[in-house]
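Below is one structure, written out as structure tokens; comments come after it.
All of the numbers you see were taken from the coordinates with simple rules; none came from a lab. Note that the coordinates shown come from a computational prediction; the quantities given were computed from them, not determined experimentally. All Cβ positions, glycine included, derive from the backbone under ideal geometry; neighbour counts span all protein chains shown.
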Amino acid sequence: MGENWKSDLERWLTPFVCALRHKTRARMCPAYIAGLIGAGDRKSVQPMAARDEDVGYDQLHHFIASGVWDAAPLEEALIAEADRMVGGADAWLIIDDTALPKKGICSVGVAPQYASSLGKTANCQSMVSLTLASHEVPVMVGLRLFLPESWTGDPRRMVQARVPEDRRIARSKPEIAIEEIDRVIASGARFGCILADAGYGSSGPFRQALSARGLLWAVGLSRRQTVYPADIALVFPAAKAGRPRKYHIAEHPAVSAEAALAEEKWQRISWRRGTKGRLTCLFAARRVRIADGHKHRMHDKRMQRMPGEEVWLVGERRSTGEQKYYVSNLPPDMSLKKLAAAIKARWVCEQAHQQLKEELGLDHFEGRSWIGLHRHALMTMIAYAFLQSRRLKAVGRKKKRRGTAATTKHARHPASYPRPVRATTANALSALS
């Protein structure tokens, strides 16, 4: 592998280096990111320093773990670069979380907790992730650590891990996600729709917060979530005895999402081509109102939430027999095929998670502090953005060559836009040399 990519990296990192505004940090940042991208299986500070003849372990460790500098300008530079690459009205902002398996109990945020990537409860750190994506090209723009109750309930432990004071309170993952979405919006990133799995979509406050911000969203939902028909009527029954009712109630009780779609027509929909051909599943959809409004007592004395926002309820039946459910506030005239494509677009964030871990060492950080973990995560995201920029340039060069040939030989049939390259880091670096 040649060394040309290193000079390309230094030029590409100019906005990030300028944001640091410090001569020594301006050396350490490119060195750290080059260490993440370069050869070597382990991407923690000590082996990266050992492979770099120009910087030492103490310098790299101080830069990432204890140096006094603000990460916010680099985070803004990352979002600006991501927006330049993939931002726009057709882009997705994908909310998810990823687990970093850990041994021991001292690393910040580590605890036995469910890891969706592992499909089980494991001793790990869990980070809420934000990915800006378009045309199957993801660029990670945010990673924030979730602190479980075993941490937020132990002030001494948080002080030892150098958790900032404003982070020492219990926050759910949906609450962290909303805070991060606000940060991305404030940075000027362009996207058309928020995507998230049921871990976020099943939260009524999360969905309501997105709608309150005027955002479009398509999120997973529990099959047990209750919904009403879109045309449900609200009635004001007369009280037979006691104090008169103050509020309207729904004329019919809500039913589960699973029951609401049971009698719908299911259609086979193909949303994209995979490595083994077209990807297809059975989908059904109907307009509903989610039962996430105020709680009121019904005729049978049960407490029931009232109808909330009118949305699409979408069901998916996979070939394995598994069924998934989703809700979306995309327009009422949206076709089922487009709804399915929006829902399934979320998969690209899993690709980003995998490459950040397997190729760039997201889960290799060996420090224990909050600040060190988040700086390391930021460096891996910047490294990933650089690689994605090189892949897009390579695709653009191929497109230009094909377009020239098509214009010369087949003027009426211009070359189609090639599918984005989803190469491994090793392949991407081979293309850079």
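Quick notes on this one:
- For Ala115, distant residues with modelled amide H under 5 Å away: Lys120, Thr121, Ala122
- Efficiency of FRET from Cβ geometry, Ser66 and Arg273, R₀ 51 Å, rounded to 0.05: 0.60
- Cross-link pairs beyond the 25 Å C-alpha cut-off, checked among Lys120/Lys265; Lys173/Lys276; Lys173/Lys393; Lys43/Lys344; Lys276/Lys324; Lys102/Lys344: Lys120/Lys265; Lys173/Lys276; Lys173/Lys393; Lys43/Lys344; Lys102/Lys344
- Long-range amide H partners of Val255 with built H, under 5 Å: Val227
- Gain on full extension, evaluated as 0.36 nm per residue between Lys337 and Arg11 minus their Cα-Cα distance, stands at 113.1 nm.
- In sequence order, the range 140-150 has phi-based couplings of 6, 10, x, 9, 10, 6, 8, 9, x, 4, 4 Hz under the Karplus curve 6.51 cos²θ - 1.76 cosθ + 1.60, θ = phi - 60°, and Gly or Pro positions carry x.
- Residues of the range 118-149 with amide N under 18 Å of the 7 Å Cα→Cβ point at Cys106: 124-125
- Where GluC sites (Glu not before Pro) fall in DSSP loop in the range 1-85, at most 13 other Cβ within 10 Å: Glu3, Glu53
- The calculated FRET efficiency for the pair Gln208 and Glu53, based on their C-beta separation and a Förster distance of 56 Å, comes to about 0.55.
- Extending 7 Å from the Cα toward the beta-carbon at both Glu322 and Leu234 defines two label points whose distance is 3.8 nm.
- Mean projected area of the Cα convex hull of the range 91-175, taken over all directions, amounts to 6.1 nm².
- Inter-centroid distance (Cα atoms) of the range 187-203 relative to the range 253-294, Å: 19
- Of the trypsin sites (Lys or Arg not before Pro) found in the range 32-140, those that fall in a DSSP loop while having at most 16 other beta-carbon atoms within 10 Å are Arg42, Lys103.
- Other residues with beta-carbon under 13 Å from the beta-carbon of Glu322 carry, at +1 per Lys or Arg and -1 per Asp or Glu, a net charge of +2.
- Separation in nanometres of the label points that stand 7 Å from Cα toward Cβ, at Trp266 and Ala122: 3.1
- Separation in nanometres of the label points that stand 7 Å from Cα toward Cβ, at Asp90 and Arg287: 2.7
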